[in-house]
Amino acid sequence: MAVLDAPHSQSYSCIKYARCLCALSFVLAMQAVLSTASLHKAIKTHEEAVSAEQALPFGVKGTPSNCAITPPQANKTRCCPVTGGVPCNTEMDCCPPLSTCGAGNSCKIGNQTQMPRYSGCSAGVAHANVLGNVSLPCGVAYYSNGYSLTNPENAIELIIISIPDDMENPSDSVCALSALLKNNPNYSNKTVSIFVPYFLDVDNNNPEAPPDGPLLAWDRSNNAGTWWGGWNSSLNVPSCRGARAVSSFEVLDRFVSAALDQHIFPKLKNLAFFGHGYGAQMIQSYALVSPLLKTVEGNQGLLRFALANANSYTYLDNTRFNEKSQKFQVPNQNTCENYNQWSYGWDKSFPHYVDIALKTTPRQELARLYSELPVTYLLGAMDTCANKSSCPAPTCSDLYEGSNRLTRGQLFGKYMSEAHNSKSQSAVVVPNVGHDGILMVQSAQAATVLFGEAPSPSPPSPSPSPPPPSPSPPPPSPSPPPPHPNPSPPSPSPPTPSPSPSPPSHAHKAAVLDSMWAIGTASVVFLLIVIFFGRAAAGAKSANSEDKSTKKDPIYSGF
């Protein structure tokens, strides 16, 4: 039998020793995995509660909201602004589906208190209507709190035009807004008209069943056919054969023209706009190019804008925020060639409506006029897309504006203040709210804008998935006072903050300690292996050099 010489014996012993360490490391690593499973189980309820806030339904697809029952059922005098909502008490408060009513005017999802309650409304408050002859033979559907765009109303002082997000029920918006009036000392359903245009989808992918009649529809699957971009209606609606294509901005012009018609609303003092998600995105783009709004800008105090949780914004030039320089600069277009296309900016092709506006008014003048409008950008502190399945996949154009809706809104408010010296626009954070149009419109911050007193900007609240660091929005100057002598209504008191989540259980703590011990032990053994082989291989040259290049965050890749 051959006898190994000393060097080979040492080498053989080292190999056996290394194999033992590897085996021990593998066993300890498996223990860490098994121990960590208990940790995951312990915190699963918390993670589901955080993500559920953005995944709650706004109603049952294809059915009217329970606030749109006309006439009201004899045994149903109130309803939640969300179909399937949970009533909480006799004051018409309620919570979303899949939740329970918590203490302190809050709603609980699982074991965690997440959000304020919805303020309910009277059943049957939302009425379906059709704005006819928009494009013969077709019209556009809209909901209201009982008023029409054609019948004279001598008592109306405030008109609110609200546009919900793409898949939010329009009747829910009427309910949510009308609920704000029940405790308002200066306004009521007798002096406020609420109009919610309903832009239908050509494929009938609508959140709520529309009223009867031939109605225009838009192609939301085509970037050059969406209603929120001001594009023309689809020609593929069977009941609208022969109708011309109509821009959604032209439809908004019809609503604004009717609201400003003194033969219909002779006592009108204010016209307010509220939009959420794509609805906010539409109103912002529309306000930038609408020639009709330019005719009333001289009447300071008439117009009010509350834009909540827009998905993106139309920039007035081709700059974006550079995190490194902390300035708005022109990025490298090669990394996202369409970053400034309409409706992110002024480049590429435009809807016919926008093309006409650009040919009649220079872009610099449109930008100046827009910067003078009183606009408040309302931002949900929790609208950071923590629940990825409920958020649309961001494009590189989105990411150039910010990593999520909260960041995009903060940066755009900063952009209007710094790059365009706007004194009448600001970004305001609404605490404890995510991408929820009902909670946003019923917030104290929205009410103060819609009823005539612009709030001061607030710092962002903590959120489950904090965005990349961005400068706080600058403080705005107060909006000019309305033209009428009536005093502005007092600001509603802010909602009671939701209670803090309960502390971790003992099982949760034990799981954490077990996992930390197992992972730490495995790490020490692994480190010993690395040191052993590192010393053995010292002096050996690596065959392949390491690629030290790093990928940049898409939002800043243009710089």
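The values are calculated or read from the model by the stated rules, or taken from the named source; none is laboratory data. Keep in mind it's a predicted model, so treat the numbers as computed, not measured. Quick reminder, even Gly has a Cβ in these numbers, built from the backbone with ideal geometry, and neighbours come from all protein chains shown. Note: areas computed on protein heavy atoms with side chains; ligands, DNA, RNA excluded. Shrake-Rupley method; radii C 1.70, N 1.55, O 1.52, S 1.80 Å.
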*Which of the residue pairs LYS269/LYS294; LYS294/LYS359; LYS294/LYS423; LYS348/LYS423; LYS359/LYS414 have a Cα-Cα distance greater than 20 Å in the structure shown?*
LYS348/LYS423; LYS359/LYS414
*Apply the Karplus parameterisation 6.51 cos²θ - 1.76 cosθ + 1.60, with θ equal to phi minus 60°, to every residue of region 225-242 and state each ³J(HN,Hα) to the nearest whole Hz, in sequence, with x for glycine and proline.*
x, 6, 6, 6, x, x, 6, 6, 5, 6, 8, 9, 9, x, 7, 10, 4, x
*What list of ³J(HN,Hα) values in whole Hz, one per residue of region 313-319 in order, does the Karplus curve 6.51 cos²θ - 1.76 cosθ + 1.60 (θ = phi - 60°) give from phi, with Gly and Pro shown as x?*
9, 8, 6, 8, 8, 9, 8
_Largest first, please: the extent of the C-alpha atoms of region 289-439 along each principal axis, to the nearest Å._
43, 39, 31
*Please give, to one decimal in nm, the separation of the simple spin-label points placed at LYS324 and CYS101, each 7 Å out from Cα toward the Cβ.*
5.6 nm
*Using amide H atoms built 1.01 Å from N in the peptide plane, name the residues 5+ places from VAL430, or on other chains, whose amide H lies under 5 Å from its own.*
LEU379, GLY380, ALA381
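Beyond 18 Å, how much of the Cα-Cα pair distribution for region 185-256 remains, as a whole percent?
46 percent
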*Simple spin-label model, 7 Å along Cα-to-Cβ: GLU365 to ASP347 in nm?*
2.6 nm
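Ignoring any ligand, DNA or RNA, what whole percent of the accessible area of region 291-366 comes from carbon and sulfur when the probe is 1.4 angstrom? Before the final figure, lay out the partial values.
Numbers: 1630 of 3420 Å².
On region 291-366, the fraction of accessible area on carbon and sulfur atoms equals 48 percent.
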